[in-house]
1. Just to be sure, is LYS80 out of contact with any Lys or Arg (no Cβ under 8 Å at 6 or more places or on another chain), modelled with pLDDT under 85 and not in a helix (DSSP H, G or I)?
2. Take the residues of the stretch 1-31 that are on the phi > 0 side of the Ramachandran plot and either surrounded by 10 or more Cβ atoms within 10 Å (Cβ to Cβ) or among the small types (Gly, Ala, Ser) (or both): which is modelled with the highest pLDDT?
3. Looking at (1) under 11 Å from GLY5 (Cα atoms); (2) assigned to a strand (DSSP E or B), which is the only condition ASN31 fails?
4. Do we find a residue being touching a Gly at 6+ places or on another chain (Cβ under 6 Å) and not in a loop (DSSP other than H, G, I, E, B) anywhere in the stretch 14-23?
5. In the stretch 16-62, which residues are among the basic types (Lys, Arg) and within 30 Å of HIS78 (Cα to Cα)?
Amino acid sequence: MVGWGVFPLVDSEFELNQGFFKVPLLFGGVNLAFDKYSKLEELYKKDLDNWLCNLYFQIHRIKLSEIKVHAETKELYHHKHVKKVE
């Protein structure tokens with residue numbers, strides 16, 4: 001393993017997160033002793049060599065009913081509905 005990071009799946013109101021996010025990735029294997037983000041932040045602030053990079057991503061919530069199965073490949077996919085602006 002080259003690096004690892006942590007991200008909460010739910011927000012402070014226990015709703016699934018959605019939006020744009022940035023997660024710092026650290027060198028080495030996962031350390032389960034970190035139970036708060038502040039501990040993780042302290043580690044790479046003390047020694048920047050512990051920091052690998054930042055991971056940027058976006059989360060969209062979708063309904064299970066919107067997930068389709070491709071007839072030929074049997075792979076799951078989600079068709080994003082685009083509204084036309086007139």
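1. yes
2. Restricting to residues being on the phi > 0 side of the Ramachandran plot and either surrounded by 10 or more Cβ atoms within 10 Å (Cβ to Cβ) or among the small types (Gly, Ala, Ser) (or both), the top hit is GLY19.
3. (2)
4. Looking for residues that are touching a Gly at 6+ places or on another chain (Cβ under 6 Å) and not in a loop (DSSP other than H, G, I, E, B), one finds at least one in the stretch 14-23, hence yes.
5. Let us first name the residues in the stretch 16-62 that are among the basic types (Lys, Arg), namely 22, 36, 39, 45-46, 61.
LYS22, ARG61 - these are the residues of the stretch 16-62 that are among the basic types (Lys, Arg) and within 30 Å of HIS78 (Cα to Cα).
The values are calculated or read from the model by the stated rules, or taken from the named source; none is laboratory data. None of the values given here were measured: they were computed from a predicted structure. Using ideal geometry, Cβ is built from the backbone for each residue, glycine included, and neighbour counts are taken over all protein chains shown.
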